[in-house]
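Working notes, structure below.
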Amino acid sequence: MARDRAVGNWLLLLAFMVFGMTIGGGHARTIGAGFTIQVWRPFTGFIPPMNAADWAYLYGLFQQTAQYHAHPIDMAQYKALFWPMFLDRCWGRLMALVFLIPFAVFLLKGRIQRRLALWLGFIFLLGAGQAAYGWYMVRTGMEPGVLSPPPDWAAPHLMSAMAILFLLLWTGLGLRNPEPARIEGAARLRACSTATVALIWVTMGFGALVATSGALKVFNTFPSMDGHLLPPDMFGQTPFWMNFITNKGTVQFCHRLLATVTALTALTTAVMGLRMKLPPATRDLFLLLGGLVALQYVLGMATLVLGNNQLGFVHELNAVLLFASAIGARHGLRGAVAVPAGALAAAE
């Protein structure tokens, strides 16, 4: 892959926009706006309601949702929920333009070769699939008894978004620095960094399950679960695997356990990185990783004890920043190698 800072910066901008999408989507979920817009117009949806008839049509569709039947709201309240969701969708359309226009320009100028073009096309298709998936998740609001986006829809939605974030960051950083510096004796650190990235991603998935299933409210003590080491009726649902999606106690326990394992792994990795001789930029990322994971764990405990959804939203956003820092730190170790055997023999 040839160095091209402009193309790399463009992809990093798109990665930042994924973070912006997380802000918009997380805010809409937190205030209960996920089902407010029951139409999907991929090309004209950026046009807001223009008159009373438009508003009446959209409000009428919302009145058909189970959420409305459970918690009726008037037009003024509907509009307050509508705009955050509308802006989130507009941000998604803006992302498509920010991808397609520079992509076409770079391609015409010969800045993007065939292999990279196919790879970027794949990432774009993932983004388009993410948008379609989000729409079908919104459509579940028309199903009886569904009051908010179902956990088994919402968690994959977040995890796939984070996968796209990973691909954009990794590719963008690779274009900015295609030839990694050789770092001797850092092979173990590279393995720990890989584990950290994977653990953060999985932990975020269970965090989404906690947020969307109402599992935040069931046990609000730490480290015990209302005096229990394990939640009562942890495997009470059938089939067995459903406990890890819809059993609130089990979901919260898994998130607690994964968060603790992830925090210990990330902190250990950060300390290892700070004790090694690394390029300054990479070392700074390990310092950032250590600070963000400590903050994340404190935010998680506070969110749990207080049972506060708004604080949980902040916890979610910090998780994205933590994930990005872990990706950056791991990317900086692409040139990591084990200590040569000859060097070990000389040292002895």
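The values are calculated or read from the model by the stated rules, or taken from the named source; none is laboratory data. Note that the structure is predicted; figures quoted are calculated from it, not measured. Ideal geometry is used to build each Cβ from the backbone, glycine not excepted, and the neighbour counts take in all protein chains shown. Protein only, heavy atoms only, side chains kept; ligands, DNA and RNA dropped before computing areas. Shrake-Rupley method; radii C 1.70, N 1.55, O 1.52, S 1.80 Å.
Got a sec? Charge dipole of segment 55-132, +1 on Cβ for Lys and Arg, -1 for Asp and Glu; which of 62, 90, 127 is way out at the positive end?
The Cα lying farthest towards the positive end belongs to 127.
Where does segment 66-116 land on Rg(C-alpha)/(2.2 N^0.38 Å)?
2.01
Evaluated at 10 °C with a viscosity of 1.306 mPa s, what Stokes-Einstein diffusion coefficient in µm²/s does segment 155-285 have when Rh comes from the Kirkwood expression over alpha-carbon pairs?
Result for D is 93 µm²/s.
I want to verify a result. In a Gaussian network model of the chain, Cα cutoff 10 Å, which of these has the top mean-square fluctuation: 288, 299, 125?
Comparing 288, 299, 125 in the GNM, the peak value goes to 125.
Cut-off under 30 Å on the C-alpha distance; same-chain residues fewer than 8 positions from residue 217 excluded. Which lysines are left, in chain and number order?
Qualifying lysines at Cα under 30 Å: 79, 248.
What is segment 196-290's relative contact order, in percent, from Cα pairs under 8 angstrom and six or more apart in sequence?
29
Stretched out fully, how many nm does the piece from residue 51 to residue 188 gain, at 0.36 nm a residue minus the Cα gap?
43.1 nm
What is the ratio of the Cα radius of gyration of segment 243-348 to 2.2 N^0.38 Å, where N is its residue count, to two decimals?
1.37
Calculate the spin-label point distance for residue 125 paired with residue 198, positioning each point 7 Å from the Cα along the beta-carbon direction, and give it in nanometres.
Each label point lies 7 Å from its Cα, and together they span 2.6 nm.
How do the peptides 206-215, 95-104, 309-318 rank, highest first, by the average count of neighbouring beta carbon atoms within 10 Å per residue?
Taking the mean over residues of other Cβ atoms within 10 Å, the ranking is 206-215, 309-318, 95-104.
Using the Kirkwood formula over every pair of different C-alpha atoms, what hydrodynamic radius in Å results for the chain?
22.1
Take peptides 249-258, 14-23, 320-329, 63-72 and line them up by average Cβ neighbours within 10 Å, highest first, as a rough protection proxy.
Descending packing order for the listed peptides: 320-329, 249-258, 14-23, 63-72.
With every protein chain kept in the model, how would you rank 89, 188, 275 by accessible area, 1.4 Å probe, largest at the top?
Descending order: 275, 188, 89.
Calculate one ³J(HN,Hα) per residue across segment 152-157 by plugging θ = phi - 60° into the Karplus curve 6.51 cos²θ - 1.76 cosθ + 1.60, and present them in order as whole Hz with x for glycine and proline.
6, 9, 5, 5, x, 4
Output the relative contact order of the chain, whole-number percent, from Cα pairs under 8 angstrom with separation of 6+ residues.
So the answer I get is 23 percent.
Give me, ordered by chain and number, the residues 5 or more places off residue 336 or on other chains with an amide H under 5 Å from its own placed amide H.
183
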